[in-house]
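Below: one structure, written as C-alpha cells.
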Amino acid sequence: MTSQDPAPPASGERLPQERRVVTEIPGPRSRELHERRTAAVPPGVGSVLPVYVTDADGGVVVDADGNSLIDFGSGIAVTNVGNANPRVAARVKAQAERFTHTCFMVAPYESYVAVCENLNRITPGDHEKRSFLVNSGAEAVENAVKIARYATGRDAVVVFDHGYHGRTLLTMTLTSKNMPYKQGFGPYAPEVYRAPLAYPFRWPTGPENCGPEAAAQVVDQIEKQIGASNVAAVVIEPIQGEGGFIVPAPGFLPALAEFCRANGILFVADEVQTGFARTGDMFACEHEGVVPDIVATAKGIAGGLPLAGVTGRADIMDKVHGGGLGGTYGGNPLACEAALAVLEEIEDGKLTERARRIGEVMLPRLRALAERVPAIGDVRGRGAMLAVELVRPGTKDPDPDLTARVARRCHERGLLVLTAGTYGNVLRFLPPLVISDGLLAEGLAVLDAAFTD
C-alpha cells in the first residue's frame, strides 16, 4: 500500500488474523452439533458453511473444532465493520445495562431518533427526509411499498428479473427466483409486475447496448402492459444481491429514475445488501448520482444486530396516518446503539475508501484468474461486493455444479465464500471492510487453488 491507501482500521483484534485448519472441515465437534441441529431445526433452514461458529473477529471466523477460516462473507454483508467490533460491543453492553426494550411506540428514546437523523443525513439527496426503523430488510422493503401505495394512491409495483427482496409474502412476491425462495409458498400478492434487468453479461446484443435497450424495454412494458399512471413504485437493487451481484449497465438506473419522476412513480432503492460503504460509496445509488424517493436499508447498518430502516422524502413519509407505521421491536435500543457505533466506525475509519481499496486488490486477481480458467465467464462488482459467474467453457450456459464444488473446496481449505445467482452459478465475495491485506491475499490464493483442484 502507498501512504495514501486507506488501511484497515485497528480494531483491537482479539483473535489471530490467520487461516488455520487443524481438523477436516467439518470437524468432529461441528458434526456432533449438526446431529443436534438435525433433531431440533427443520431442514428448510439451510446453512452455507458446515461448521459451527464459536468466535469471530476482524477477518476470521473460528469454529467449534478450532479451525480459523478467512471470512469472505461478512454474514451476507452484515459485519462490514468486523465481527464483534469493539466500539459496537461496548455501546451495546452499556445499553444492555441500562434498558433493553420499551417499544419506541410506547416510550421513545434518543438513540432511535439519532439513528434516523443519521439516515436522513447520509442517504442520497439533500432534500428533507424522514426515517423510521424496523427489524429486517424484508420489513424495510415491504414498508417502502406500503408507503408508496399510500402516498400515490396507486397499486402496481414494478420489480426486475433476478431480483431478491425478502421472504415475507409481499417481498417473496417481489423476488424473482423460485427455488428455494418461493416454491410451494403461494399464492402471492397481487399487482406486482416483473421487468427485464440490464444484465450486461447476458444481454442479447452485447453489454455496450445493454443500458439504453433495457431501459427502453422497461418503459415500453410499463406503458403498454401496466399503464404508468397505475404504478406506485419501481423497486430495484442498485446492484443485485442474491440474483448474482449483477451491476446494471451504465445509464440504466438514471433512465429509470428519470422516467419515474416524469410519471409520478416513486423510485425505491433496495440498498439492503449494498449499503453502508460496501460498494465503495456509502450507498450504491451514488455511483451514478441516482437519488431515490425511498431507500430501504438493513444488513450492514448495525454490525450484526437486527435493525433496518426506511428513509424517504419528507412529503411522502409524512402522508401516512399516525399509527400506520411501526412494530414492537423496530429500533430496539441495543440495535440503535450498535448502528450509531457502526456509522462512527465507517466515517472515522474511512471504510468507503477501504472498500474501494479492496476492489482494487481483488478485481485484478479475479480477472487474472478468469484468463486462466475458461469456466469463469464474467468478473463483476464494485468495491468490496464482487463476484465471478461460472459457465461451461465456450458458452454462457450456467455451471452450478462447478460453482458448488469450488465453494466446497474453499470451505475445506479454510475460506468462507458464498454462492448466488438465479442459476446458482455465481461465487460472491463480501469480505469485512476491516480485513487485512494479508488475509485478503491469502483468501484469493485459496480461491485460486480451489479452481486449480
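Tell me, which residue of region 311-348 that is among the hydrophobic types (A, V, I, L, M, F, W, C) and more than 21 Å from Ala269 (Cβ to Cβ) is farthest from the chain's Cα centre (by Cα)? Ranking the qualifying residues of region 311-348, first place goes to Leu334.
As for region 98-118, it holds at least one residue that is in contact with a Ser or Thr (Cβ under 6 Å, 6 or more places away or on another chain), farther than 19 Å from Gly300 by Cβ and modelled with pLDDT of 95 or more.
Residues in region 333-352 that are charged (D, E, K, R) and assigned to a loop (DSSP other than H, G, I, E, B): Lys350 only. Select from region 209-249 the residues that are of a type in the set (S, T, N, Q) and touching a residue at least 40 places away in the same chain (Cβ under 8 Å) and write down the one among them that is surrounded by the most Cβ atoms within 10 Å (Cβ to Cβ). Filtering region 209-249 for residues that are of a type in the set (S, T, N, Q) and touching a residue at least 40 places away in the same chain (Cβ under 8 Å), the one surrounded by the most Cβ atoms within 10 Å (Cβ to Cβ) comes out as Gln240. Under the condition of being closer than 19 Å to Gln273 by Cα, charged (D, E, K, R) and surrounded by 19 or more Cβ atoms within 10 Å (Cβ to Cβ), the residues counted in region 319-355 number 2. When you look at Glu258, is it in a helix (DSSP H, G or I) and under 26 Å from Tyr150 (Cβ atoms), yes or no? When the stated conditions are applied, Glu258 passes them. Sort through Gly300, Gly330, Gly326, Gly309 and tell me the only one that's assigned by TED's automatic domain parsing to the domain that holds His127 and part of a helix (DSSP H, G or I). Matching residue, one of Gly300, Gly330, Gly326, Gly309: Gly300.
Picking from residues in region 93-124 that are of a type in the set (Asp, Glu) and outside any loop (DSSP other than H, G, I, E, B), the one that is surrounded by the most Cβ atoms within 10 Å (Cβ to Cβ) is Glu117. Of the listed requirements (1) of a type outside the set (Phe, Trp, Tyr); (2) touching a strand residue (DSSP E or B) at 6+ places or on another chain (Cβ under 8 Å); (3) surrounded by fewer than 22 Cβ atoms within 10 Å (Cβ to Cβ), Glu371 misses just one: (2). Can you work out which of the residues in region 252-262 that are within 23 Å of Thr297 (Cα to Cα) and in contact (Cβ under 8 Å) with a residue 40 or more places away in the chain is surrounded by the fewest Cβ atoms within 10 Å (Cβ to Cβ)? Only one residue fits best here, namely Ala255.
Within region 268-280, the presence of at least one residue that is among the hydroxyl-bearing types (Ser, Thr, Tyr), farther than 20 Å from Ser176 by Cβ and surrounded by 24 or more Cβ atoms within 10 Å (Cβ to Cβ) is confirmed.
Just one of the listed residues (Val61, Val22, Val113) is without any contact (Cβ under 8 Å) to a residue 24 or more places away in the chain and among the aliphatic types (A, V, I, L, M), namely Val113. You will find that of Gly275, Gly331, Gly303, the residue that is in contact with a Phe, Trp or Tyr (Cβ under 6 Å, 6 or more places away or on another chain) and under 18 Å from Thr79 (Cβ atoms) is Gly275 and no other.
Here is a yes/no grid of residues against (1) under 30 Å from Gly46 (Cβ atoms); (2) among the polar types (S, T, N, Q); (3) modelled with pLDDT under 95:
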position: Tyr150; (1), (2), (3): no, no, no
position: His165; (1), (2), (3): yes, no, no
position: Pro196; (1), (2), (3): yes, no, no
position: Gln221; (1), (2), (3): no, yes, no
position: Ser229; (1), (2), (3): no, yes, no
position: Val234; (1), (2), (3): no, no, no
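Within region 433-440, one or more residues are over 26 Å from Asp65 (Cβ atoms) and either free of Cβ contacts under 8 Å to residues at least 24 places away in the same chain or surrounded by 22 or more Cβ atoms within 10 Å (Cβ to Cβ) (or both).
Checking each residue in region 129-150 for being touching a strand residue (DSSP E or B) at 6+ places or on another chain (Cβ under 7 Å) and in a helix (DSSP H, G or I) picks out Gly137, Glu139, Ala140, Val141, Asn143, Ala144, Val145, Ile147, Ala148, Arg149. Just to be sure before I move on: is Thr205 without any contact (Cβ under 8 Å) to a residue 40 or more places away in the chain, β-branched (Val, Ile, Thr) and in a loop (DSSP other than H, G, I, E, B) in the structure I sent? Criteria met by Thr205. Residues of region 342-365 being within 21 Å of Gly241 (Cα to Cα) and free of Cβ contacts under 8 Å to residues at least 24 places away in the same chain, which ones? Within region 342-365, Glu360, Leu363 qualify.
Scanning region 166-194 for residues that are aromatic (Phe, Trp, Tyr) and in contact with a Lys or Arg (Cβ under 8 Å, 6 or more places away or on another chain), we see that the one that is farthest from Ala232 (Cα to Cα) is Tyr181.
The values are calculated or read from the model by the stated rules, or taken from the named source; none is laboratory data. Since the structure is predicted, the reported quantities are computational estimates derived from the model, not experimental observations. Note that each Cβ is placed from the backbone with ideal geometry, even for glycine, and that neighbours are counted across all protein chains shown.
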